[in-house]
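A quick write-up on the structure given underneath.
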Amino acid sequence: MNFIMILKVALRAIWRNKTRSLLTALGIIVGIAAVIAVVAIGQGASTMMVKQINSMGNNLVMIFPASRNQGGVRTGAGGAQTLTAEDAFAIKREISHYVSSVTPIVRAAGQVIYQENNWSTSVQGCSVDFLEVRNWHLSLGIFFDESQERMGKRVCVLGQTVADNLFGEQDPIGKTIRIKNMPFKVLGVMEKKGSNNFGQDQDDIILAPYTTVKRVLQNSIFNNVNMIFVSLFSLDDTEAAKKDISALLRQRHKLGPRSEEDFNLRDMAEISQTIGSVSSMMTILLTTVAAISLLVGGIGIMNIMLVSVTERTREIGLRMAIGATPSDILMQFITESILLSTVGGLIGVVFGVTGAEIVGNIQHWPILITTSSIVISFLFSAMVGVFFGFYPALRASRLNPIDCLRYE
């Protein structure tokens, strides 16, 4: 028997039991669909994660106040107010070989009012380097300058969410809003940035000079800040820059060799690794479930093929009696098994791609479907057919033609 004849016989046998064949391939369909969907969603999520991390800033290193121990009670991170604006400017001045720009950050929150509209948001005090540090741009207007920062002028720049809720379709440039009943002139509007990795709306913010936020909104005469953002020239310099920053801050804060640091350094690589490890763990978990489904599907194919061998024993005897060799019988049943698994794989690919697109549309996630993942899944389904179909095919090829013809 040539291969074309074997293929026709295999297709005829599968078509004769359409419902059973579909149920047999169901495990393969589910497994391949799960693999395609998991890979597409996982790769899309990784792409989105990298994009959102990059949106947080240019090669960003963040400095936070550390915890403190007072009267035997240890506060949480940020419990101590140990960082100052002078620390930030010293970092830019003395580590200029690694650091491109620095901004101190002072945070406040309050109700913002414009005419009859009001909105509760966060106010972030920063320096003129903020745009470069955060890799953010203006969509309207201008940013405040060094003289306004130095003099603590009541000027601000709005995030897109705040601008939409206060002004709607109006042009906010030059208008005066009230933050905690203090008048602020609107200089510009930031371009839309979207949510970060934690689901927080980055556009729900007002930016103002940190000197103004400290004096006007926090009513503080001190120069301490909530955090410092540092932008590096190159991501490759992160570890060296962190080492130099740590040494400089220890010197400025007069910390002894055995004293604990009163600050914490974090960089984007650490955040990326943390999020990436969670993403990888979920991908491994879902892939394991898909692999189990493929295993169950393969066992189902083997069981049905064994049943098929038993049902077609007389047919096998007749084929051998008229000249079919054991290798022809072996090839016929392996072909049927491969057809079942590959057709199931094709259906699984369609369901997987469709399912991934549906999830992406519902959750607003980017979906990345690669040709390699489809090809690998399809080839894997064919391998499942060969592996689990070999034993039933081998058993059929070793049947005695005389016994087969006598079989009832």
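The values are calculated or read from the model by the stated rules, or taken from the named source; none is laboratory data. The structure presented is a predicted model; accordingly, all values stated were derived computationally and were not measured. So basically every Cβ, Gly included, is an ideal-geometry build from the backbone, and we count neighbours across all protein chains shown.
Numbers below:
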item	result
Residues that are of a type in the set (A, V, I, L, M, F, W, C), farther than 24 Å from A40 by Cβ and part of a helix (DSSP H, G or I), drawn from segment 357-408	V386, F387, F388, F390, A393, L394, A396, I402, C404, L405
Boolean, S280 is of a type outside the set (A, V, I, L, M) and either outside any helix (DSSP H, G or I) or exposed (fewer than 15 other Cβ atoms within 10 Å of the Cβ) (or both)	yes
Subset tally (residues that are under 13 Å from V112 (Cα atoms) and modelled with pLDDT of 90 or more) for segment 176-208	13
Residues of segment 227-240 classified as closer than 18 Å to F130 by Cα and either surrounded by 15 or more Cβ atoms within 10 Å (Cβ to Cβ) or free of Cβ contacts under 8 Å to residues at least 60 places away in the same chain (or both), total	7
Test for K254: is it part of a loop (DSSP other than H, G, I, E, B) and within 18 Å of F89 (Cα to Cα)	yes
Residue list for segment 165-196, filter: within 28 Å of the chain's Cα centre (by Cα) and not hydroxyl-bearing (S, T, Y)	M190, E191, K192, K193, G194, N196
Segment 363-385 residues that are outside the structural domain of G298 (by TED's automatic domain parsing), paired with ones that are hydroxyl-bearing (S, T, Y) and not in a loop (DSSP other than H, G, I, E, B) (beta carbon under 9 Å, 6 or more apart)	none
Residue in segment 268-276 that is modelled with pLDDT under 90, part of a helix (DSSP H, G or I) and in contact with a Leu (Cβ under 8 Å, 6 or more places away or on another chain) present	yes
Segment 313-334 residues that are in contact (Cβ under 8 Å) with a residue 60 or more places away in the chain and surrounded by 14 or more Cβ atoms within 10 Å (Cβ to Cβ), paired with ones that are of a type in the set (F, W, Y) and outside any helix (DSSP H, G or I) (beta carbon under 6 Å, 6 or more apart)	T313/Y407
Qualifying positions in segment 140-169 - over 22 Å from N118 (Cα atoms) and among the small types (G, A, S)	S147, G152
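Residue-wise test of (1) closer than 29 Å to V30 by Cα; (2) part of a helix (DSSP H, G or I); (3) in contact with a Gly (Cβ under 8 Å, 6 or more places away or on another chain).
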position: R314; (1), (2), (3): no, yes, no
position: A324; (1), (2), (3): no, no, no
position: M331; (1), (2), (3): yes, yes, no
position: E336; (1), (2), (3): yes, yes, yes
position: G344; (1), (2), (3): yes, yes, yes
position: G355; (1), (2), (3): yes, yes, no
